[in-house]
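Student: A single structure is presented below for examination.
The values are calculated or read from the model by the stated rules, or taken from the named source; none is laboratory data. Keep in mind that this is a model prediction, so the values were computed, not measured. Positions of Cβ are backbone-derived with ideal geometry, glycine not excepted, and every protein chain shown enters the neighbour counts.
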Ligand code: UD1
Ligand code: UDP
């Protein structure tokens, strides 16, 4: 069976890496990888860390690209490729423009599509935008739907879709567990990763920030920057923000924050370095989807700068709190976690509703029509023992 995996952004590559590695182990499968290059340099970082080879690199990214410009370039470049390669199946991930355009292009050619990370929904087409639409489009044309959780399966069932659904867990937990234990077990690697952050002060607790959502461009980002500037007045905080390369993010963030001594604006990090920063963080403030899934597994409280989330499981479990993009709400939520140790301990109880590290194996089994023991979330975990100071995580 010839399977063509197509992805183009940083999060897709992180979450597809374990799937591609598992596909390569199967003699019945000819696994081919095509990257659209939607995130040219951030994608390269992921391919290097996971040692992923690509068979086709479409290299389609344009500076400050529009959604329609990118979509049209993907359709134009993929059509002849699908004709040439003639895959038995196309595999796409998640909610990006790459996933949507690739799935529709395959559908137009009558090629079956499998969707990894199917069924996430907010029910609101404007948040996340345009990802909610992308996800629904991919699910409509897919005949295999790999839902990460029971909740995402239920979303798909309500829509009466044609595809067969499997609950697999999220492949990001496969990637995270492998990377996190690699770091924890290798002292030399840990020192090398830490050497990138000499500015972190041992007496300060780190607030790790990521933010790049399109619906936050403009006023949302202004608010986020104002909140971070206000928080930087605390003497016990180091704010670290690896800034997404999108110019709509780079410009407001560096204009508002680059002069503040305890705000560290750094380039996007490779995955291992970012996992290390998550391990060392006291609190994570983000609008990212993937980080919302990863941080609860590391026992880190996450404040999410969105009004709604397509990942409600950790909100229900109490490790994630939605704080929107209003200045006062963000500032108050961070202060609370820094000032109220009991609140911090309560929210940082490790609970991982998103996966068990075997999602990719289940996906490959389903692709080969083998029996699949579906993922069931673990019951509520006991409270973690917090160790004060910088190294305030417990090794998995
Ligand atoms: C995209 C995805 C979003 C996903 C996010 C993950 C769409 C519509 N959006 O949004 O679903 O959550 O990626 O990161 O698919 N750039 C670079 N180098 C890079 C990457 C980006 O210079 O490696 C700059 C370019 O100017 C590019 C711009 O960022 O034009 C925007 O990239 P794009 O992929 O269109 O949007 P994202 O905001 O990253
Ligand atoms: N990430 C990374 N380097 C960084 C910031 C994030 O490797 O500097 C990882 C993070 O661990 C997560 C993924 O990128 O797995 C999330 O990507 P992003 O926030 O761009 O997209 P989203 O998850 O919102 O689609």
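Student: Criterion first (touching a residue at least 40 places away in the same chain (Cβ under 8 Å) and over 23 Å from residue 328 (Cβ atoms)) does residue 180 satisfy it?
Tutor: When the stated conditions are applied, residue 180 passes them.
Student: In segment 310-330, which residues are in a helix (DSSP H, G or I), at pLDDT 95 or above and either within 16 Å of residue 282 (Cβ to Cβ) or in contact with a strand residue (DSSP E or B) (Cβ under 7 Å, 6 or more places away or on another chain) (or both)?
Tutor: The answer is 330, and nothing else.
Student: Which condition does residue 43 not pass, out of (1) touching a strand residue (DSSP E or B) at 6+ places or on another chain (Cβ under 8 Å); (2) assigned to a loop (DSSP other than H, G, I, E, B); (3) over 22 Å from residue 140 (Cα atoms), if it passes all the others?
Tutor: Every listed condition holds for residue 43 apart from (2).
Student: Considering only residues that are without any contact (Cβ under 8 Å) to a residue 40 or more places away in the chain and buried (at least 18 other Cβ atoms within 10 Å of the Cβ), which ones fall in segment 229-241?
Tutor: Result: 238, 239, 241.
Student: Right, another one. Within segment 242-255, track down each residue that is within 16 Å of ligand 1 (Cβ to nearest atom) and either free of Cβ contacts under 8 Å to residues at least 24 places away in the same chain or assigned to a helix (DSSP H, G or I) (or both).
Tutor: Within segment 242-255, 247, 248, 249, 250, 251, 252, 253, 254 meet the criteria.
Student: Here's a follow-up. Could you check, for segment 184-196, whether at least one of its residues is modelled with pLDDT under 95 and more than 22 Å from the chain's Cα centre (by Cα)?
Tutor: No: zero hits.
Student: Tell me which residues, restricted to segment 196-216, are assigned to a loop (DSSP other than H, G, I, E, B) and within 14 Å of ligand 2 (Cβ to nearest atom).
Tutor: 196, 197, 211, 212, 213
Student: On to the next question. Look through segment 9-40, keep the residues that are part of a strand (DSSP E or B) and farther than 25 Å from residue 69 by Cα, and return whichever of them is farthest from ligand 1 (Cβ to nearest atom).
Tutor: Looking only at segment 9-40, we keep the residues that are part of a strand (DSSP E or B), and these are 30-35.
If we keep only those that are farther than 25 Å from residue 69 by Cα as well, we get 30-32.
On the way: 30: 28, 31: 24, 32: 22 Å.
Per the criteria, the residue is 30.
Student: For segment 46-58, enumerate the residues that are touching a residue at least 24 places away in the same chain (Cβ under 8 Å) and either within 10 Å of ligand 1 (Cβ to nearest atom) or not in a strand (DSSP E or B) (or both).
Tutor: Answer for segment 46-58, where residues must be touching a residue at least 24 places away in the same chain (Cβ under 8 Å) and either within 10 Å of ligand 1 (Cβ to nearest atom) or not in a strand (DSSP E or B) (or both): 46, 47, 48, 49, 50, 52, 58.
Student: If we scan segment 192-205, do we find a residue that is more than 16 Å from ligand 1 (Cβ to nearest atom) and crowded, with 19+ Cβ neighbours inside 10 Å?
Tutor: Yes, segment 192-205 contains a residue that is more than 16 Å from ligand 1 (Cβ to nearest atom) and crowded, with 19+ Cβ neighbours inside 10 Å.
Student: Right, residue 63: assigned to a loop (DSSP other than H, G, I, E, B), in contact (Cβ under 8 Å) with a residue 24 or more places away in the chain and touching a strand residue (DSSP E or B) at 6+ places or on another chain (Cβ under 9 Å) or not?
Tutor: no
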